[in-house]
Number of protein chains: 2
Amino acid sequence: MAGHRPAPQHRDPSDVPVEAVFAALADPVRLEIVRQLWASEDWSRVCGSFDVPVGKAGLSHHFAVLRDAGLIEQRDEGARRVNRVRRAEVDAAFPGLWQLVSRDAR
Amino acid sequence: MAGHRPAPQHRDPSDVPVEAVFAALADPVRLEIVRQLWASEDWSRVCGSFDVPVGKAGLSHHFAVLRDAGLIEQRDEGARRVNRVRRAEVDAAFPGLWQLVSRDAR
């Protein structure tokens, strides 16, 4: 049952070294998830809503890496797990990062 | 003989996807090399002058990754290979990146 999942663990961006942020965003699937979240309203996206070529287990791993890099936050709403990018906190810890991430893919 | 080495190959930053730049900087040794180059005058640093915990073969690999990500340029001056960061070109292709890289390590 989805309700039995442990709550997701997060790390604050101010506790993350910049090389771990770079590692999180070096993967094209994770970069695409973050870009789509950046363009979406907070908490509006469930985990299955991203257009990325990866299965459910792979997706869980990618979300865990993004949480641990301080880039996203997740919470459970009943059986749904919803997402947001940590716009303000990441901008304070890593000024310039969103400018790099949110521009169009080339 | 050092003079017999092939000239280093470079890629222009405008041809590099941002995820490849993130991958290049996800490694702490490469991040440190780029930071030290950022703080140095262009062409003033030979490859052996960086304070990083890696042997000669590993160092060659790291420099190749940094060249291929468009972040550094190398040229041979006799038996010496000297380096610079591509400040202006990288800033044009990836605005915000130097702000992230050049700040103090935490």
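The values are calculated or read from the model by the stated rules, or taken from the named source; none is laboratory data. What you see is a predicted model, and the numbers here were worked out from it, not measured in a lab. Quick reminder, even Gly has a Cβ in these numbers, built from the backbone with ideal geometry, and neighbours come from all protein chains shown.
The residues listed here are A:Val52, A:Val85; of these, the one that is in contact with a Phe, Trp or Tyr (Cβ under 8 Å, 6 or more places away or on another chain) and either at pLDDT 95 or above or more than 22 Å from B:Pro95 (Cβ to Cβ) (or both) is A:Val85.
From the list B:Val65, B:Val46, the lone residue that is of a type in the set (Val, Ile, Thr) and either within 14 Å of another protein chain (Cβ to nearest Cβ) or buried (at least 20 other Cβ atoms within 10 Å of the Cβ) (or both) is B:Val65. With respect to the conditions (1) away from chain B (no Cβ under 14 Å); (2) of a type in the set (A, V, I, L, M, F, W, C); (3) assigned to a loop (DSSP other than H, G, I, E, B); (4) surrounded by 14 or more Cβ atoms within 10 Å (Cβ to Cβ), A:Val52 falls short on a single one, namely (1). For A:Asp68, are the conditions met, namely being in contact with a Lys or Arg (Cβ under 6 Å, 6 or more places away or on another chain), more than 19 Å from B:Phe22 (Cβ to Cβ) and not basic (Lys, Arg)? Considered against the rule, which asks whether it is in contact with a Lys or Arg (Cβ under 6 Å, 6 or more places away or on another chain), more than 19 Å from B:Phe22 (Cβ to Cβ) and not basic (Lys, Arg), A:Asp68 comes out as no. Spot the failing condition for A:Glu41; the list is (1) within 14 Å of another protein chain (Cβ to nearest Cβ); (2) without any contact (Cβ under 8 Å) to a residue 24 or more places away in the chain, and only one is missed. All conditions pass for A:Glu41, except number (1). So, A:Ala7, is that one surrounded by fewer than 15 Cβ atoms within 10 Å (Cβ to Cβ), away from chain B (no Cβ under 14 Å), part of a loop (DSSP other than H, G, I, E, B) and among the aliphatic types (A, V, I, L, M) or not? For A:Ala7, the condition - surrounded by fewer than 15 Cβ atoms within 10 Å (Cβ to Cβ), away from chain B (no Cβ under 14 Å), part of a loop (DSSP other than H, G, I, E, B) and among the aliphatic types (A, V, I, L, M) - is met. Number of residues in region B:68-106 that are in a helix (DSSP H, G or I) and within 14 Å of another protein chain (Cβ to nearest Cβ): the value is 11.
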